[in-house]
Amino acid sequence: MEMSVVLPQLGDTVKDSISGFEGVVIGITEWIYGCRRCGVQPKILHDGKPIPAEWFDSPQLHVIERNGEPIGKDPKAPGGPRDDRASARKDPTR
């Protein structure tokens, strides 16, 4: 199954697929050999103080919201996995 990749942009709300860390992208760095890292600042406070931002490799982040709109499946669209081979099946003959 092929998944579309949505690269995080500044201001996106993202979630780390490994640790579950969630927050807003506040910085993006690109390195000479292709490494792209995003700084993520949580929206929540701990004891009334901001939690420090953490940096993650871009591919392990999933974009949850962009411009305040949820990213993902259209709730009106029908869903479920589709077998690509189904379209290649022939109608039964009699």
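What follows is calculated from the coordinates using simple rules that are stated; it is not laboratory data. In this text the structure is predicted, and so the values were computed from the model without any measurement. When we count neighbours, we look across all protein chains shown, and the Cβ atoms used for this are built from the backbone with ideal geometry, even at glycine.
Show me the strands (runs of 3 or more DSSP E) found entirely inside region 1-48 where at least 3 residues are hydrophobic (A, V, I, L, M, F, W, C) and surrounded by 12 or more Cβ atoms within 10 Å (Cβ to Cβ). Break it down into steps so the answer makes sense when it comes.
On the way: elements: 13-16, 22-30, 36-41.
In region 1-48, the matching strands (runs of 3 or more DSSP E) lie at 22-30.
Only a single criterion out of (1) farther than 17 Å from His62 by Cα; (2) of a type in the set (A, V, I, L, M, F, W, C); (3) buried (at least 16 other Cβ atoms within 10 Å of the Cβ) is not satisfied by Ile51, namely (3).
Suppose we filter Ile71, Ile64, Ile28 for residues that are of a type in the set (A, V, I, L, M, F, W, C) and more than 13 Å from Val6 (Cα to Cα); which single one remains?
Numbers: Ile71 fails: more than 13 Å from Val6 (Cα to Cα); Ile64 fails: more than 13 Å from Val6 (Cα to Cα).
Checking each option against the conditions leaves just Ile28.
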